[in-house]
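Here the structure is laid out as structure tokens; the discussion comes afterwards.
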Amino acid sequence: AAFLVPRRSASVRWRGTLEGLLPEQHPARFIWQVLSSLDFSELEKRYASVWAGPGRPPYHPRVLAALWIYGMSEGLETAVAIAKACRIRDDFRWLAGGLSPSDQTLLNFLTG
């Protein structure tokens, strides 16, 4: 008898949009909605010199705050765990908008 076995080495493509990853009432959406209503202009000022410098633009502080708040609500208490979740979990992928901040970026935000 032939059995279907997992082929984990097979190439796959993820299809769809980030928006379609989470149901409307998902807690990550709620956290983003709340943080979107808050003024982040003071935190944005800290990044003014970075925007004018070389390299890619910095992550918006709202995204980093959302990742920390949601991460802690999900029991992820380290920057390493949250950074990994941004790469492998749909809820974090949605919240980060497909971006993958490093653990150092997350730590710098928290300690800043």
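The values are calculated or read from the model by the stated rules, or taken from the named source; none is laboratory data. Every value quoted in this text rests on a predicted model; they were computed, and no experiment measured them. We place every Cβ from the backbone using ideal geometry, glycine too, and count neighbours over all the protein chains shown. Protein only, heavy atoms only, side chains kept; ligands, DNA and RNA dropped before computing areas. Shrake-Rupley method; radii C 1.70, N 1.55, O 1.52, S 1.80 Å.
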| In region 7-15, is there at least one residue being at pLDDT below 80 and open to solvent by less than 40 Å² (accessible area, probe 1.4 Å)? | yes
| request: Among the numbered conditions (1) in contact with a Pro (Cβ under 8 Å, 6 or more places away or on another chain); (2) at pLDDT 90 or above, tell me where residue 47 comes up short. | output: (2)
| Taking helices (runs of 4 or more DSSP H) that fall entirely within region 55-112, which contain at least 2 residues that are open to solvent by less than 50 Å² (accessible area, probe 1.4 Å) and more than 18 Å from residue 43 (Cα to Cα)? | 61-73, 79-88, 90-95
| Got at least one residue in region 18-32 being closer than 18 Å to residue 109 by Cβ, modelled with pLDDT under 75 and either part of a helix (DSSP H, G or I) or not aliphatic (A, V, I, L, M) (or both)? | no
